[in-house]
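**Student:** Would you mind keeping the following structure in view while I ask a few things?
The values are calculated or read from the model by the stated rules, or taken from the named source; none is laboratory data. Bear in mind that the values here come from a model prediction, so they are computed numbers and not experimental data. Using ideal geometry, Cβ is built from the backbone for each residue, glycine included, and neighbour counts are taken over all protein chains shown. These area figures cover heavy atoms from the full protein model, side chains too; ligands, DNA and RNA do not enter into them. Shrake-Rupley method; radii C 1.70, N 1.55, O 1.52, S 1.80 Å.
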Amino acid sequence: RIVAAKQWIDQNQNRLRGRVYGPLAAEVQIPNDQNAIYLENQVPQWCWQSFVTSYPEDRDLLQRELNSNRRYNINFMYTPSSGPLPHPHGNATDYASLDIKHTLDETFEAPAVVKNALKDVGAINLAYIGTSYTQTQIEQAAQRNITPQWRTTRIGQLWTPESKYTKLKSRYDGFESLRTSAVRPSRFL
């Protein structure tokens, strides 16, 4: 149905106000396989088969024509194009001492509309990319029973080759906890 939807979009471009991007998996170019794994793990799986429009009228038309009339059941998102993504927790270069070199949105190429859609559903601008050195720092801190240095930063999500670390803060009492999850292999990217 995704292929059929793409064909319909291509054949009916004159009915659309702007360009339709998608499926999103086809819109991103990632030169580094490890970063592709992080990106796929960060963004919900349903998103990779979705389409994005720059105009709400185009999204509504696609919903009506392809989902209501043809029953394709495909996700269409509207995201206005804008400039570079914000990094409210600081630039990656601010964390060079932790061997953090990039935020996730800086590791791949895609149209601005696509990056904004991935930001909205996957917070790619809030996820930082560490290295094996970063992982070693975290493990050594755990062995010495001290707080890892990254936990004292504003970073909320940190990727290393083996794990994803996420800070969670309770809305009720402000207590901060840490969730660690394994990095799953890539299936789409």
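**Student:** Could you give the length gained by full extension between Gln13 and Asp173, i.e. 0.36 nm per residue of separation minus their alpha carbon distance, to one decimal place?
**Tutor:** Once the chain is fully extended between Gln13 and Asp173, it gains 52.4 nm.
**Student:** To one decimal place, what Kirkwood hydrodynamic radius in Å is obtained for region 92-133 from all pairs of distinct Cα atoms?
**Tutor:** Result for region 92-133, one decimal place: 10.9 Å.
**Student:** Please sort by residue number the trypsin sites (Lys or Arg not before Pro) in region 83-189 whose DSSP state is loop and whose Cβ has at most 16 other Cβ atoms within 10 Å.
**Tutor:** Those satisfying the criteria are Lys101, Arg144, Arg154, Arg171, Arg187.
**Student:** What FRET efficiency comes out for the pair Asp99/Ala26, r = Cβ-Cβ distance, R0 = 22 Å, nearest 0.05?
**Tutor:** Calculated transfer efficiency: 0.10.
**Student:** Another question, if that's okay. How much length would be gained if the chain were fully extended between Trp46 and Ala4, taking 0.36 nm per residue of separation minus their Cα-Cα distance, in nm to one decimal?
**Tutor:** So the extension gain works out to 13.4 nm.
**Student:** Any idea what log10 I(q)/I(0) is at q = 0.09 Å⁻¹ for the chain, Debye with uniform C-alpha scatterers and no solvent?
**Tutor:** Calculated log10 I(q)/I(0) at the listed q: -0.40.
**Student:** May I ask you to give the percent of accessible area on region 21-178 that is carbon plus sulfur, with a probe radius of 1.4 Å?
**Tutor:** 46
**Student:** For the chain, find the longest principal axis of its Cα atoms and tell me its angle to the long axis of helix 33-42, 0 to 90°, nearest 10.
**Tutor:** 80
**Student:** Excluding residues fewer than 8 places away in the same chain, name every one of the lysines whose C-alpha is closer than 25 Å to that of Lys6.
**Tutor:** Within the straight-line cut-off, Lys6 pairs with Lys115, Lys119.
**Student:** I'd like the distance separating the alpha-carbon centroids of region 74-95 and region 1-56, in whole Å.
**Tutor:** After rounding, the separation between the Cα centres reads 16 Å.
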